[in-house]
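Heads up: the structure comes next, in structure tokens.
The values are calculated or read from the model by the stated rules, or taken from the named source; none is laboratory data. Note that the coordinates shown come from a computational prediction; the quantities given were computed from them, not determined experimentally. For neighbour counting, all protein chains shown are included, and Cβ atoms are generated from backbone atoms with ideal geometry for every residue, glycine included. Each accessible area value is taken on the protein alone, full model and side chains, heavy atoms only, with ligands, DNA and RNA left out. Shrake-Rupley method; radii C 1.70, N 1.55, O 1.52, S 1.80 Å.
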Amino acid sequence: MTDKSEDVLIRVENLVKHFPVSGKRKAVVHAVDDVSFSIRKGETLGLVGESGCGKSTVAKSIIRMHKLTSGSVFLGNDDIAGLSEKELRPYRKRMQMVFQDPYSSLNPRMTVLKLVSEPLIAQGLISNSKQGRDNIVEMLNKVGLSAEHTSRYPHEFSGGQRQRISLARALILEPEFIICDEPISALDVSIQAQVINLLQKFKQEQSLTYLFIAHDLSMVRYVSDHVGVMYLGKMMELCDSEQIYREPLHPYTRGLLAAIPVPDPALAGNKRRTAIEGDLPSPITPPSGCRFHTRCSRCMNICREVEPELKDVGGGHLVACHLMD
Ligand code: SF4
């Protein structure tokens, strides 16, 4: 099902990640169950879903912060899923991650110079932060900071500036692929656009490829070439970005779109979509059949028993729903 053409940079095939439940011998959390997708060089895939749907676990499995339960992750032509930490080292330079909360992902005891030089030292490219100073100042300028910031600590910056430091840390190794795990969710709305513009600028200038994770479809709209919608560890819909907003087909995607506030009341009346009700079921005992059936207003008998396959319903628009049969 995944795209195997030459210009694909990231290919995830049948990714499964289960976590053991402490104190319960056979119980597992089904964080990600059989997820596949690919991202072409220079493109952005937006991955969306409620908290607990497995999108961050996908990201951390790609970058091998988690060991996969099964499945493959290709960077270019190489399957990196089973590599040892030593074998993985050259690939780490090519893939970087920017986290949601820059405050907790930046060591508060390190100056900006040390924080941004750390990845270079870890890769053996420089032996101390002074050696990399010129490069680091150049990178800080690119993300909208300056040389005078090098001696300051994370707490001396605003949330938006801290995210710029995180971005500098990620970009200093000149990666090909960056995972942005909800990079703007913790920021004020006025700052969100600045960070998005920076990400877009680097995408164009350096042909970067992104996996952009968000809990809401409005956040990925302007950055994504393709959008994937996850629910309880499964991919429910995957297609190009235009299509998902123009013609959402999965009831869950339609519910997510209905939850986005529409400023114009006239337009809101035209949406005719129902927001999703109820809570996310437990990923330890996911519902039988379609995992969304306990919250789906269109649920049929078959939905409770048979799991729908993720199928191409035309033009590369993939949907996992019995309504498409
Ligand atoms: Fe709803 Fe059934 Fe489609 Fe699942 S398969 S989304 S329950 S209609």
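The set of residues in the stretch 85-128 being more than 21 Å from the chain's Cα centre (by Cα), over 20 Å from LEU208 (Cβ atoms) and crowded, with 20+ Cβ neighbours inside 10 Å consists of VAL112, LEU113, LEU115, SER117.
Of everything listed in (1) farther than 30 Å from GLN204 by Cβ; (2) assigned to a strand (DSSP E or B), the single unmet condition for VAL12 is (1).
Checked against (1) open to solvent by 50 Å² or more (accessible area, probe 1.4 Å); (2) within 13 Å of the ligand (Cβ to nearest atom); (3) modelled with pLDDT of 95 or more, GLY278 meets all criteria but (3). Answer with yes or no whether GLU6 is surrounded by fewer than 13 Cβ atoms within 10 Å (Cβ to Cβ) and out of contact with any strand residue (DSSP E or B) (no Cβ under 7 Å at 6 or more places or on another chain). So GLU6 passes the test.
Listed by position, the helices (runs of 4 or more DSSP H) enclosed by the stretch 140-252 that each have at least 2 residues that are at negative phi, of a type in the set (Lys, Arg) and buried (at least 17 other Cβ atoms within 10 Å of the Cβ) are 159-171. Here the condition is being touching a helix residue (DSSP H, G or I) at 6+ places or on another chain (Cβ under 9 Å) and not aromatic (Phe, Trp, Tyr); of GLU138, GLU118, it holds for GLU118 alone. Looking only at the stretch 307-320, residues that are part of a loop (DSSP other than H, G, I, E, B) and surrounded by 13 or more Cβ atoms within 10 Å (Cβ to Cβ) come to 7 in all. Checking the structure you have, find out if any residue of the stretch 55-63 is crowded, with 21+ Cβ neighbours inside 10 Å and touching a His at 6+ places or on another chain (Cβ under 7 Å). Looking through the stretch 55-63, at least one residue is crowded, with 21+ Cβ neighbours inside 10 Å and touching a His at 6+ places or on another chain (Cβ under 7 Å). Selection of the stretch 129-139 for residues being open to solvent by 30 Å² or more (accessible area, probe 1.4 Å) and polar (S, T, N, Q) yields GLN131, ASN135.
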